[in-house]
Amino acid sequence: MLRHTACAIALLAAASAPAFANGDRSSVQLGPRPFFLVDDMQESRLKRKLEACSAGPFRKTDFSIGHRGAALQFPEHTEESYRAGARMGAGILECDVTFTKDLELVCRHAQCDLHTTTNILAIPELAAKCSVPFQPAVYDAGGNLVRPASARCCTSDITLEEFRMLRGKMDAFDPRATTPQQFMGGTANFRTDLYSGPTSGTLLTHKESIELFKSLGVKMTPELKAPEVPMPFNGLTQEDYAQKMIDEYKEARVPPHKVFPQSFNIGDVLYWVQNERAFGKQAVYLDDANTVADLPSFADLAGYKKQGVNIWAPPTFALLALDGSGQIVPSTYARNAKKAGLDIITWTLERSGILADGNNGFYYQTIDPAITREGDVMRVIDVLAKDVGVLGIFSDWPATVSYYASCMGMK
């Protein structure tokens with residue numbers, strides 16, 4: 001336990017200093033993790049190139065996109081997470097956008113994730129408003145789990161004023177919990193609760209995220225999250241919702257070229273393309289494929305482009321494959337996207353825990369046999385950058401991508 005805590009402190013040392021204390025928003029602090037990853041690589045030309053960059057300088061880069069901020073170690077979509085992501089060189093930060101009961105836009109990964117990403121269950125007057133109140137785990141006489149603990153708490157259950165009472169925590173829950181406090185545990189062992197204290201985990205409205213991102217000098221990629229309540233909701237239609245998100249950038253006088261609106265719903269993307277052309281020009285269509293079988297054909301990709309979609313964003317596995325010698329190469333889907341004239345953004349690195357133990361799951365499913373050590377993530381970034389030609393990479397720890405991008409002279 002002591003070793004893990006010490007590692008977490010070391011990992012985050014650079015992210016805990018005042019943001020851009022010298023006023024230079026282009027200077028970044030990467031902390032030890034990228035250096036550890038480079039050290040762990042097998043000997044290769046790429047490793048030597050990355051080692052040669054170890055003295056820096058390291059710069060902010062649009063190639064590095066802070067996925068929910070810096071969610072590997074900080075509670076996602078919090079001010080602290082966003083500031084950490086910017087310190088680590090992310091040139092673009094993400095606010096996932098949903099709405100409250102009184103139709104205010106806020107930053108949360110899902111409309112109904114408050115029970116796993118905030119302390120709502122520890123605040124009785126708010127816990128009582130959850131769509132599904134906390135239900136303790138049920139065990140049989142032999143101590144075997146019969147029914148896991150559960151709850152469902154949504155931003156649409158509460159008003160903005162009530163939302164402001166919450167604190168963010170690491171996204172997790174304990175299915176064996178018999179109390180709300182136990183339920184709020186369960187953080188994965190490769191993460192930490194060190195930054196989930198009662199004075200941190202500051203939640204933000206969408207408008208507040210815009211002002212924060214402006215102050216940090218970064219671009220913005222808001223994702224319009226799918227409503228988990230029937231629409232229209234309190235008079236808000238899906239089109240109203242999509243428009244409201246864009247309107248908040250216009251009200252804040254953010255130039256459209258600094259905004260990459262995203263959605264998994266092609267209807268949202270086409271709405272922006274057709275009704276907000278300046279913003280729709282770089283709207284991002286997120287692909288929700290879970291396996292290779294779910295990925296679009298060339299005809300599908302060409303169809304997106306024909307409709308005015310310019311950026312396709314699939315999960316990382318979709319873009320990578322192994323050749324006959326077991327080397328990581330661009331997939332057929334990556335080549336098809338380029339052939340169709342689409343730009344590509346991909347998600348998400350630093351979200352799979354330890355890589356060297358194998359069975360790395362969703363993001364590595366097409367290349368898992370080639371991933372044998374932690375440093376292999378740098379090979380993945382290299383193929384995505386040089387061979388696939390992605391515009392940017394979402395990462396739960398932006399420093400890893402920022403190191404690579406700075407080393408390779410990427411803007």
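Only Lys, Arg, Asp and Glu carry charge here, each on its Cβ (+1 for the first two, -1 for the last two); on that basis region 274-398 has a dipole of about 600 debye about its Cα centre. Across the chain, where is the longest run that never hits chymotrypsin sites (Phe, Trp or Tyr not before Pro) in a DSSP loop with at most 16 other C-beta atoms within 10 Å? The segment 1-189 is the longest one with no such site. Dipole size of region 195-234 about its Cα centre, with +1 on Lys/Arg Cβ and -1 on Asp/Glu Cβ: approximately 120 debye, rounded to the nearest 20. Accessible area per residue for region 284-411 is 37 Å², calculated with a 1.4 Å probe on protein heavy atoms, without ligands, DNA or RNA. Look at the dipole of the chain built from charges on Cβ: of 32, 52, 297, the Cα furthest out on the positive end belongs to 52.
Think of each Lys and Arg Cβ as +1 and each Asp and Glu Cβ as -1; about the Cα centre, that makes the dipole of the chain roughly 1080 debye. Run down the lysines and flag those whose C-alpha is under 29 Å from the C-alpha of residue 338, throwing out any fewer than 8 positions away in its chain. Reachable lysines: 47, 49, 60, 219, 225, 258, 281, 305, 306, 386, 411. Run the Debye formula on the Cα coordinates of region 104-184, all scatterers equal and no solvent, and tell me log10 I(q)/I(0) at q = 0.12, 0.16, 0.22 1/Å. So the normalised log intensities work out to -0.33, -0.56, -0.95. Ranking 175, 198, 149 by how far each Cα lies toward the positive end of the dipole of region 127-279 (charges on Cβ) leaves 198 at the top. Rg and Dmax of region 217-323, based on Cα coordinates, read 15.0, 53 Å. Mean-square fluctuations from a GNM of the chain, with a 10 angstrom spring cutoff on Cα atoms, peak among 124, 232, 32 at 124. Here the accessible area of the chain is 52 percent carbon and sulfur, with a 1.4 angstrom probe and all protein chains present.
When the chain is treated as a GNM, springs tying every alpha-carbon pair under 10 Å, which of 69, 185, 142 comes out with the largest mean-square fluctuation? Looking only at 69, 185, 142, the largest GNM fluctuation is found for 142.
The values are calculated or read from the model by the stated rules, or taken from the named source; none is laboratory data. Bear in mind the structure is a predicted one, so any value in this text is a computation, not a measurement. Quick reminder, even Gly has a Cβ in these numbers, built from the backbone with ideal geometry, and neighbours come from all protein chains shown. With ligands, DNA and RNA removed, areas are computed over all heavy atoms of the protein, side chains included. Shrake-Rupley method; radii C 1.70, N 1.55, O 1.52, S 1.80 Å.
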